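Asker: Input: one structure, supplied below.
The values are calculated or read from the model by the stated rules, or taken from the named source; none is laboratory data. None of the values given here were measured: they were computed from a predicted structure. Positions of Cβ are generated from backbone atoms using ideal geometry, with glycine treated the same way; all protein chains shown enter the neighbour counts.
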Amino acid sequence: MAIKAFTDEWANQLKDEVNKSDVYKTAAKGWKWTVGLVVEAEPDKNFPEARGLVMDLFDGAARDIKLGSAVDAQKCDFVITAPYSRWKQVAKLELDATKGMLQGKLKLKGDLPTIVRYTKASQELTVCTTRFATEWPDEQ
Amino acid sequence: MVEYASKEPSAFAEMLGGLIGANVTARPEKKRDFDTLVARVGIWVTDIDEGVTLAFDAGKLTVYNGLEPDRTITIRAEAETVMSLSNLKIGLFGMPVYYDKVGRGVAAKLVQGKLKIDGMLQNIATLNRVTRIFSVQ
């Protein structure tokens with residue numbers, strides 16, 4: 001059954017998928033920072049309010065991934081911000097997160113050398129969002 | 001230390017400028033390379049059709065949107081390969097390591113023609129120095 005995007009249940013499912021991933025476990029070894037994803041509102045896409053995904057990632061595992069406000073996500077060590085439809089493209093693998101950042105489609109705040117060192121981990125994190133069915137608000 | 005030629009630098013320009021600035025600030029060995037490097041390095045990312053020119057001038061870097069003339073070296077590759085270049089480890093005598101997984105991947109792209117470096121043979125020392133400054137490892 002599909003899970004509604006950017007909800008508590010979706011965040012929990014993502015956490016499970018990340019913790020099942022051996023690729024992530026290896027690629028993110030040594031990572032010890034929080035990551036916030038800010039999903040900006042797009043009312044015309046049936047996504048009326050911004051949301052934040054707060055990811056407590058530590059040494060190859062997801063200790064916690066929870067839904068919060070955009071402000072909660074902005075308090076993380078690394079913050080990636082994009083409108084809802086961009087995140088949807090990323091989660092459907094229509095937009096590579098690295099390319100998105102190079103093109104400014106995803107805006108990154110945080111220490112650049114660190115995030116570049118963990119490019120593979122961030123790619124696998126994206127792939128984890130595709131391992132379960134998602135119900136997208138604009139497709140309802 | 002890092003300046004942008006355009007009032008509106010591209011996201012790619014800001015990312016590379018930010019990356020090099022952070023590297024040089026945090027690592028004295030990279031700062032030494034940065035302070036002596038004089039070269040104009042073009043980087044073109046083939047799968048997003050965007051590029052920059054990094055004009056190093058002995059302790060100062062100007063980042064241009066797009067490819068500017070008179071480049072010493074020009075690197076052309078897909079985004080993933082460009083990111084791999086910044087993940088090359090630096091080994092003995094400050095040489096990039098091409099025998100680990102990342103290094104072998106980069107070398108393979110070079111052999112396959114998926115990574116093209118114009119001016120490489122004439123400027124191998126400059127390329128190694130740029131790689132050291134660019135690498136986050």
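Asker: Which of the residues belonging to the stretch B:85-136 are assigned to a loop (DSSP other than H, G, I, E, B), more than 14 Å from chain A (Cβ to nearest Cβ) and crowded, with 20+ Cβ neighbours inside 10 Å?
Answerer: The one that is assigned to a loop (DSSP other than H, G, I, E, B), more than 14 Å from chain A (Cβ to nearest Cβ) and crowded, with 20+ Cβ neighbours inside 10 Å: B:LEU115.
Asker: Something else now. Scan the stretch B:96-114 and report the pairs whose first residue is at positive phi and whose second residue is outside any helix (DSSP H, G or I) and surrounded by 12 or more Cβ atoms within 10 Å (Cβ to Cβ), with Cβ atoms within less than 9 Å and a gap of 6+ or a chain change.
Answerer: Listed by first residue and then by second, the contacts come to nothing, as the list is empty.
Asker: For A:ALA121, which of the numbered conditions (1) over 26 Å from A:GLN140 (Cβ atoms); (2) within 14 Å of chain B (Cβ to nearest Cβ); (3) in a strand (DSSP E or B) fails to hold?
Answerer: (3)
Asker: Conditions first: (1) among the charged types (D, E, K, R); (2) facing chain B (nearest Cβ under 9 Å); (3) within 17 Å of A:THR26 (Cα to Cα). A:ARG63 passes all but one, so which condition is the exception?
Answerer: For A:ARG63, the failing item is (2).
Asker: Give A:CYS128, A:CYS76 a once-over and let me know the one that is farther than 13 Å from A:LEU14 by Cβ, more than 14 Å from chain B (Cβ to nearest Cβ) and buried (at least 20 other Cβ atoms within 10 Å of the Cβ).
Answerer: A:CYS76
Asker: Does B:VAL52 fit the bill of being within 15 Å of the chain's Cα centre (by Cα), in a strand (DSSP E or B), away from chain A (no Cβ under 14 Å) and of a type in the set (A, V, I, L, M, F, W, C)?
Answerer: no
Asker: While we're here: Given the conditions (1) in a strand (DSSP E or B); (2) modelled with pLDDT of 95 or more, and given that A:ILE80 satisfies all but one, which numbered condition is not satisfied?
Answerer: The number of the failed condition is (2).
Asker: What do you reckon, is A:LYS88 within 13 Å of the chain's Cα centre (by Cα) and touching a residue at least 60 places away in the same chain (Cβ under 8 Å)?
Answerer: For A:LYS88, the condition - within 13 Å of the chain's Cα centre (by Cα) and touching a residue at least 60 places away in the same chain (Cβ under 8 Å) - is met.
Asker: For the stretch B:65-84, how many residues are free of Cβ contacts under 8 Å to residues at least 12 places away in the same chain and either in a loop (DSSP other than H, G, I, E, B) or more than 12 Å from every other protein chain (Cβ to nearest Cβ) (or both)?
Answerer: Selection size over the stretch B:65-84: 1.
Asker: I'm trying to understand the selection: among the residues of the stretch A:79-107, which are within 17 Å of A:TRP10 (Cα to Cα), touching a strand residue (DSSP E or B) at 6+ places or on another chain (Cβ under 8 Å) and surrounded by fewer than 20 Cβ atoms within 10 Å (Cβ to Cβ)?
Answerer: A:SER85
Asker: Quick check on this structure: which one of B:LYS7, B:LYS31 is in a loop (DSSP other than H, G, I, E, B), away from every other protein chain (no Cβ under 11 Å) and of a type in the set (D, E, K, R)?
Answerer: One residue alone meets the criteria, B:LYS7.
Asker: Determine whether the stretch A:48-57 contains at least one residue that is of a type in the set (Lys, Arg), out of contact with any helix residue (DSSP H, G or I) (no Cβ under 6 Å at 6 or more places or on another chain), buried (at least 22 other Cβ atoms within 10 Å of the Cβ) and more than 22 Å from B:GLN137 (Cα to Cα).
Answerer: Scanning the stretch A:48-57, I find at least one residue that is of a type in the set (Lys, Arg), out of contact with any helix residue (DSSP H, G or I) (no Cβ under 6 Å at 6 or more places or on another chain), buried (at least 22 other Cβ atoms within 10 Å of the Cβ) and more than 22 Å from B:GLN137 (Cα to Cα), so the answer is yes.
Asker: Checking B:ASP57 against (1) of a type in the set (D, E, K, R); (2) within 14 Å of chain A (Cβ to nearest Cβ); (3) surrounded by fewer than 17 Cβ atoms within 10 Å (Cβ to Cβ): exactly one of these is not met. Which one?
Answerer: Evaluating B:ASP57 over (1) of a type in the set (D, E, K, R); (2) within 14 Å of chain A (Cβ to nearest Cβ); (3) surrounded by fewer than 17 Cβ atoms within 10 Å (Cβ to Cβ) leaves (2) as the failure.
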